[in-house]
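**Student:** My questions will all concern the structure given below.
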Amino acid sequence: MKKLLRSMTLIGLGLVLTTGFQSCKKDKDEDTIEDITDTKDNALAEGHDTDVENMADEAISGTMTNFRENGEYSMLSGCATITRDTTVSPKTMTIDFGSTNCLCRDGRYRRGKVLVSWTGQWRTAGSTHTITYDQYFVNDNQLLGSKTRRFDGPDGDGNFYWDVNVNGKMVPAGTADTVRWTANRRVTWIQGYSTAVRSDDVFLITGGSTGTGRTGLTWSTTITSPLRKEVGCRWIVSGVRTVSRADKPTRTIDYGNGACDNTATVSVRGGTRQITLW
């Protein structure tokens, strides 16, 4: 009888421990899912925001037809109209994708306008660029706000760079929520500066940002390993960014080892999840 009671006690204890472990694991998984919502929003918003810089540089350099003819990598498409006025100060440019979604060469749908104004010669040290939006959407995510860039250099390694200040907003597709962020970044042009070929351009991005997610809670990010952006790839190919929130542990976004793909990994609470980039 004592042996039977002892066996039942051990079985009961085992069930408690097993149930407790599964419950903790479930809570941990649920926390991980919850934790990466703001992380994904941040990656999405800043990814679209970074693309606009490349788009502006592409549009100011030549017409869409020219880019298609010479085989250059392009994120623009035949439904975008580029209008420039270099007789005024500051100079202005409008990239108009129309009022309905247009499939661009980078595989994303865009509509609305990107407005660019600049002083000085494009990509000349001391020139400044301001970018704003007019009903601009990417894959139905609406971008608002503004960003300014100051082109400087060369740095100690002989590379030209931009100092970028962002006051950004994004309304994620299918929601009425607003993601807000401010960012201070440096974009360093490490390859392709001396060539006339855009597809060989490579940039490293450093800096950080602070923002408010769709839940109304604030977060901050820091790039701990420079993000590598290659014009010939739609996504950031490597680098690491941390995302911190007062009520959550720090999350880490790893963009990979250089492969051109649309995935990154988010690590939090000892768990890792893969996410799909914008």
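The values are calculated or read from the model by the stated rules, or taken from the named source; none is laboratory data. The structure displayed is predicted, hence computed values, not measured ones. Here the Cβ is made from the backbone with ideal geometry for all residues, glycine too, and neighbour counts use every protein chain on show.
Residue-by-condition table, conditions (1) surrounded by fewer than 19 Cβ atoms within 10 Å (Cβ to Cβ); (2) modelled with pLDDT of 80 or more; (3) of a type outside the set (A, V, I, L, M, F, W, C); (4) at negative phi:
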| residue | (1), (2), (3), (4) |
| --- | --- |
| Ser61 | yes, no, yes, yes |
| Asp85 | yes, yes, yes, yes |
| Pro90 | yes, yes, yes, yes |
| Ile95 | no, yes, no, yes |
| Ser99 | yes, yes, yes, yes |
| Leu103 | yes, yes, no, yes |
| Val116 | no, yes, no, yes |
| His129 | no, yes, yes, yes |
| Asp134 | yes, yes, yes, yes |
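**Student:** Still on this structure, please answer the following. Do we have any residue at all in region 259-267 that's of a type in the set (Asp, Glu), touching a Ser or Thr at 6+ places or on another chain (Cβ under 8 Å) and under 21 Å from His48 (Cβ atoms)?
**Tutor:** no
**Student:** Looking at (1) surrounded by fewer than 18 Cβ atoms within 10 Å (Cβ to Cβ); (2) among the hydrophobic types (A, V, I, L, M, F, W, C); (3) in contact with a helix residue (DSSP H, G or I) (Cβ under 9 Å, 6 or more places away or on another chain), which one does Val138 not meet, given that it meets all the others?
**Tutor:** (1)
**Student:** When you scan region 236-253, how many residues do you find that are over 12 Å from Asn42 (Cβ atoms) and buried (at least 21 other Cβ atoms within 10 Å of the Cβ)?
**Tutor:** Here the count works out to 2.
**Student:** Where residues in region 264-274 are surrounded by fewer than 17 Cβ atoms within 10 Å (Cβ to Cβ) and assigned to a strand (DSSP E or B), which of them is farthest from the chain's Cα centre (by Cα)?
**Tutor:** That would be Gly271.
**Student:** Looking only at residues that are part of a strand (DSSP E or B) and either touching a residue at least 40 places away in the same chain (Cβ under 8 Å) or small (Gly, Ala, Ser) (or both) in region 105-114, which one is surrounded by the fewest Cβ atoms within 10 Å (Cβ to Cβ)?
**Tutor:** Looking at the filtered set, the residue picked out is Gly112.
**Student:** Could you please find all residues in region 238-278 being among the aliphatic types (A, V, I, L, M) and without any contact (Cβ under 8 Å) to a residue 24 or more places away in the chain?
**Tutor:** Matches in region 238-278: Val240, Ala259.
**Student:** Return the residue satisfying two criteria in turn: it lies in region 254-263 and is closer than 9 Å to Ile236 by Cα and surrounded by 15 or more Cβ atoms within 10 Å (Cβ to Cβ), and of such residues it is nearest to the chain's Cα centre (by Cα).
**Tutor:** Tyr255
**Student:** A further question on this structure: Quick check, is Gly211 touching a residue at least 40 places away in the same chain (Cβ under 8 Å) and over 20 Å from Arg105 (Cβ atoms)?
**Tutor:** Criteria met by Gly211.
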